[in-house]
Amino acid sequence: MRRLRVGRANNLLVRAIAEDSGPMVDWLVAHGFHADPPRPDAREDEAFMCDFGRGQEKFQRLYDDYLVPGGARVMTETRALELRQDERGAVIGVEAQRQDGTRVHVACGAVVVAAGGFSGSSALLRRLCHSDSFYDRGLTTQCSGEGVLMCERAGAQLGPEIMPHMQEYLANPVCNFTDNLIKYLSYAGFLTVNREGKRFMNECLNVEDAMGSGCASLRVQGGAYYYLISQDQVDAIRERGVGGYFDGRLGDYLSKSVASRALVPIPNLQESLDEAVARGQAWRGESAEELAALVGFPDPAVFVATLARYNELCHRGVDEDFGKISPLMNEHAMPLYAIRSVIPIMGTLGGVRVNERLEALGRDGAPIPGLYVAGQEGSGFYTYPYYSTRCITTTYAYCSGRIAGKNAAGYATSR
Ligand SMILES: Cc1cc2nc3c(=O)[nH]c(=O)nc-3n(C[C@H](O)[C@H](O)[C@H](O)COP(=O)(O)OP(=O)(O)OC[C@H]3O[C@@H](n4cnc5c(N)ncnc54)[C@H](O)[C@@H]3O)c2cc1C
């Protein structure tokens, strides 16, 4: 919890979520979920993690066995458009639209908005995250930001920490790196350069704190960057994986991080790279000069100097420029590939400012009566950069939903 209570996080909210996380797991198990206890050999960031398994079946059981028999009316394929308020500003209903275009008015004692954020909206990404140059592989496009906008129109204020939920691995809008093991190359920590062909970070961060400071360093460069890998490195990783390439030189460094995913061979790596080259998203050069010209760096000499300096530091075994650990300092021989990558996102984190009761706060700081916000479009729990703690977003979604639901029910029945 100490790691989460940083920056502009609302400590009361962090504590409320931490306190609810155990009861939340008990509640899920009591309602048909299977939960494995934390593994005895769990890494630090997995120490409290219970595996609930994948798939939608467990949620279906919640609907079939509890929600519907309990009297809930579920309206699928119905889009909430607007909140209704009374003359005091209390939220008393929702206007929605079915897929066939018909309108629905739902009168209610309280509303919990949980529409997942705004990663499906370029306009909101630009406004609230200052850029829309992220790669979303289409999994979160339904999160169009309508929840945040509805709350804003109802008088809610936005929180100070609103951010993309980034992933550190290689992604590309033209080639499908994300369903493909090529994405895990980032865990080898090879040289990474920006659009000018300049090195800009300690690439270790993509291994040690991948979704946190690793992604934050990539994002500073505008979201797009180039990842360098030599043909001999491709051949080794294809056969032996990222772990095999380092051949024990890193001890258990990789297995202690998210990079443990990448310790298997990547047999289709060459084919994936060839396809990326054919589609103009990767380039292969026989010399630094040729590669710089193929990529189209504005000043090829910048890239040539970057590579020479990097190889010199690798040769000396000390990264005087960014402090990368020496086993990850591996000279890049020719032929050399540059792979174009954009930061992938899984959603957004933060939006409407909430208190520890998950009430939405108005512009005067007071709760808007009857309005609660759960899940990723609420602000107060996350601070930038993301914590890199396993499954923290799911934990927040579940716990904030439970707390918001309980408080909303209490408010509605007390009116
Ligand atoms: C590929 C991928 C992998 C992930 N892996 C992990 C992981 O390993 N661990 C982890 O902790 N988290 C992970 N996450 C993140 C996690 O899934 C999310 O943080 C979590 O689902 C967010 O929950 P939520 O309830 O806030 O929003 P969502 O789960 O996005 O739910 C919001 C719902 O609201 C609906 N909606 C949107 N607008 C409206 C509207 N106007 N009217 C009605 N409904 C609307 C949407 O259709 C959606 O069903 C992953 C996400 C992705 C995409």
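The values are calculated or read from the model by the stated rules, or taken from the named source; none is laboratory data. Every value quoted in this text rests on a predicted model; they were computed, and no experiment measured them. Cβ atoms come from the backbone with ideal geometry, glycine included; neighbour counts cover every protein chain shown.
Below is a table of values for the structure above.
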read-out	value
Inter-residue pairs, beta-carbon under 8 Å, first at negative phi and more than 15 Å from the ligand (Cβ to nearest atom) and in region 89-114, second acidic (Asp, Glu) and part of a loop (DSSP other than H, G, I, E, B), 6+ apart	ILE92/ASP86
The listed residue being under 15 Å from the mean Cα position of the chain (by Cα), buried (at least 18 other Cβ atoms within 10 Å of the Cβ), at pLDDT below 95 and closer than 15 Å to LEU12 by Cβ, out of THR393, THR383	THR383
Test: THR395 is in a helix (DSSP H, G or I) and either among the charged types (D, E, K, R) or within 11 Å of the ligand (Cβ to nearest atom) (or both)	yes
Boolean, CYS175 is at pLDDT 90 or above, more than 13 Å from the ligand (Cβ to nearest atom) and part of a loop (DSSP other than H, G, I, E, B)	yes
Filter result (within 14 Å of the ligand (Cβ to nearest atom) and more than 29 Å from ALA188 (Cβ to Cβ)) within region 117-133	GLY117, PHE118, GLY120, SER121, LEU124
Candidate set from region 134-154 (those that are in contact (Cβ under 8 Å) with a residue 24 or more places away in the chain and surrounded by fewer than 16 Cβ atoms within 10 Å (Cβ to Cβ)); member that is farthest from the ligand (Cβ to nearest atom)	ARG153
Enumeration of residues in region 398-415 that are within 11 Å of the ligand (Cβ to nearest atom), closer than 17 Å to CYS151 by Cβ and surrounded by fewer than 22 Cβ atoms within 10 Å (Cβ to Cβ)	GLY401
Number of positions in region 199-217 that are assigned to a helix (DSSP H, G or I) and out of contact with any strand residue (DSSP E or B) (no Cβ under 6 Å at 6 or more places or on another chain)	11
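Residues checked against (1) farther than 30 Å from SER341 by Cα; (2) of a type in the set (A, V, I, L, M); (3) buried (at least 20 other Cβ atoms within 10 Å of the Cβ):
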residue: VAL74; (1), (2), (3): yes, yes, no
residue: THR78; (1), (2), (3): yes, no, no
residue: GLU87; (1), (2), (3): yes, no, no
residue: GLY93; (1), (2), (3): yes, no, no
residue: GLN99; (1), (2), (3): yes, no, no
residue: ARG127; (1), (2), (3): no, no, no
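Here is a yes/no grid of residues against (1) of a type in the set (A, V, I, L, M, F, W, C); (2) touching a strand residue (DSSP E or B) at 6+ places or on another chain (Cβ under 7 Å); (3) surrounded by fewer than 22 Cβ atoms within 10 Å (Cβ to Cβ); (4) outside the structural domain of TYR135 (by TED's automatic domain parsing):
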| position | (1), (2), (3), (4) |
| --- | --- |
| GLN221 | no, no, yes, yes |
| GLN231 | no, no, yes, yes |
| GLY241 | no, no, no, yes |
| ASP252 | no, no, yes, yes |
| LEU263 | yes, no, yes, yes |
| ASN268 | no, no, yes, yes |
| ASP274 | no, no, yes, yes |
| ALA282 | yes, yes, no, yes |
| GLU289 | no, no, yes, yes |
